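See below for the structure under consideration.
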Amino acid sequence: MNLEEKLLFFQTLVGIGFKEIEVGFPSASETEYEILRALIDRNLIPDDVTIQVLVQARPHLITKTFEAISGAKNVIVHFYNSTSTLQRKVVFHTDMQGVIDIAVEGAKLIKELTEQEVAKTGANIRFEYSPESFSGTEMDNAVLICDKVLETLGATPEHKVILNLPNTVEGMMPNQHADQIEYFCRHLKGRDSAIISLHPHNDRGTATAATELGILAGADRVEGALFGNGERTGNADIMNVAMNM
């Protein structure tokens with residue numbers, strides 16, 4: 001989509017009634033950065049709508065992201081790094097502690113830049129963390145890294161951090177996905193300081209079922225896409241889920 005199409009899409013989502021809208025990955029390309037700046041500079045974001053931006057837990061990308069969101073009133077900064085056994089071995093050539101270090105260092109920088117932005121503009125900035133490839137991560141390790149991130153960000157019951165748990169490439173059937181969510185919720189030390197968010201994929205074609213079972217298993221929030229038109233083979237169809245609920 002070009003800029004004007006993206007703006008129309010955003011305004012359509014606002015018109016439907018969405019209050020949290022992920023608007024892109026501003027450090028990934030000039031186009032992604034441009035849409036965010038257009039929304040902020042043209043004052044197109046209603047005061048009761050929170051925009052969400054996505055960024056890998058890498059210092060230069062985090063810094064670029066904070067440049068992109070400067071001046072916005074309500075923002076969720078959603079950062080992530082991969083945690084699965086396969087990607088630790090093949091991509092990062094590290095162990096679980098190495099992956100935890102990436103997440104913790106990213107969280108420290110985000111907290112520091114948030115304090116600077118709040119002091120400058122008074123923005124309301126919330127945090128979201130994803131152990132990317134959650135569905136391919138040992139559950140004890142997924143719990144451990146998220147507890148470390150909550151601790152680093154200073155999460156409290158009054159200021160909760162969103163923990164987003166992707167069913168990456170829909171690696172788990174809906175019942176297995178629900179088991180993982182239930183285990184995670186029961187074992188997270190900082191459960192009262194976290195909002196557990198589902199991020200289903202639709203590679204198996206069962207994202208709606210996985211979402212509903214994930215909610216029953218203890219999740220508080222869902223990330224989806226209009227009619228499922230999300231990344232790769234799609235995300236949860238947010239309209240389908242809403243009607244079913």
May I ask you to list pairs of residues, at least six apart or on different chains, whose Cβ atoms are under 8 Å apart, with the first in region 83-98 being surrounded by 11 or more Cβ atoms within 10 Å (Cβ to Cβ) and the second being at pLDDT below 80?
G98/F92
Counting only residues in region 172-193 that are closer than 15 Å to I215 by Cα and among the acidic types (D, E), the one least open to solvent (accessible area, probe 1.4 Å) is identified as E182
If the Cβ limit is 8 Å and pairs must be 6+ apart or interchain, which residue in region 221-245 that is of a type in the set (D, E) pairs with which residue that is part of a helix (DSSP H, G or I) and open to solvent by 50 Å² or more (accessible area, probe 1.4 Å)?
D237/F227
Scope region 126-165; condition modelled with pLDDT of 95 or more, part of a strand (DSSP E or B) and either under 27 Å from R88 (Cβ atoms) or open to solvent by less than 20 Å² (accessible area, probe 1.4 Å) (or both); matching residues:
F127, E128, Y129, S130, P131, V161, I162, L163, N164, L165
Filtering region 180-234 down to residues that are more than 14 Å from V143 (Cα to Cα), part of a helix (DSSP H, G or I) and of a type in the set (S, T, N, Q), which residue is farthest from the chain's Cα centre (by Cα)?
T208
Could you go through region 225-235 and let me know if any residue there is β-branched (V, I, T) and open to solvent by 50 Å² or more (accessible area, probe 1.4 Å).
yes
Of all residues in region 1-53 being farther than 18 Å from I162 by Cβ and β-branched (V, I, T), the one that is least open to solvent (accessible area, probe 1.4 Å)
I35
Filter result (acidic (D, E) and touching a residue at least 12 places away in the same chain (Cβ under 8 Å)) within region 1-31
E20, E22
Among the residues that make up region 207-223, is at least one of them modelled with pLDDT under 95 and either in contact with a strand residue (DSSP E or B) (Cβ under 6 Å, 6 or more places away or on another chain) or open to solvent by less than 20 Å² (accessible area, probe 1.4 Å) (or both)?
no
Number of the condition not met by E4 [criteria: (1) at pLDDT below 95; (2) under 26 Å from S197 (Cα atoms); (3) not β-branched (V, I, T)]
(2)
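The values are calculated or read from the model by the stated rules, or taken from the named source; none is laboratory data. Since we're looking at a predicted model, the values are computed, not measured. When we count neighbours, we look across all protein chains shown, and the Cβ atoms used for this are built from the backbone with ideal geometry, even at glycine. Accessible surface is based on the protein model in full, side chains and every heavy atom, while ligands, DNA and RNA are left aside. Shrake-Rupley method; radii C 1.70, N 1.55, O 1.52, S 1.80 Å.
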